[in-house]
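Working notes, beginning with the structure itself.
Quick note: the coordinates plus some simple rules give every number you see, no bench work behind them. Note that the coordinates shown come from a computational prediction; the quantities given were computed from them, not determined experimentally. Please note: Cβ atoms are built from the backbone with ideal geometry, for glycine as well, and neighbour counts cover all protein chains shown.
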Amino acid sequence: MYTDITMQIGRGQFEPVNTADDSNMKLDYFRYKDSIAEDIQHADLVISHAGIVVIDIILSLSYCRISHVLCGLELSN
């Protein structure tokens, strides 16, 4: 179970609020950083829209294990 969530939210007006029933859930967000490489390096899971910058960072981390890459696929049972 994940207990810390960090997300990039962009320039919009939306600001996330932690609505989890679990008080141990930590929610952080940022709008922009010069580099998100350190965030990705320390992450157990990265969910991305598969932009070239994020893919490039993930592939450059030679010790990073990529389990599944899903780009534009619709999954069904």
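Taking amide H atoms as placed 1.01 Å from N in the peptide plane, the amide H of Y29 lies under 5 Å from those of M7, each 5 or more residues away in sequence or on another chain. Net charge near Q8, counting Lys/Arg +1 and Asp/Glu -1 over other residues with Cβ under 11 Å of its Cβ? It works out to a net charge of +1. Using the Cβ-Cβ distance between I5 and K33 with R0 = 22 Å, the FRET efficiency computed as 1/(1 + (r/R0)^6) comes to roughly 0.85.
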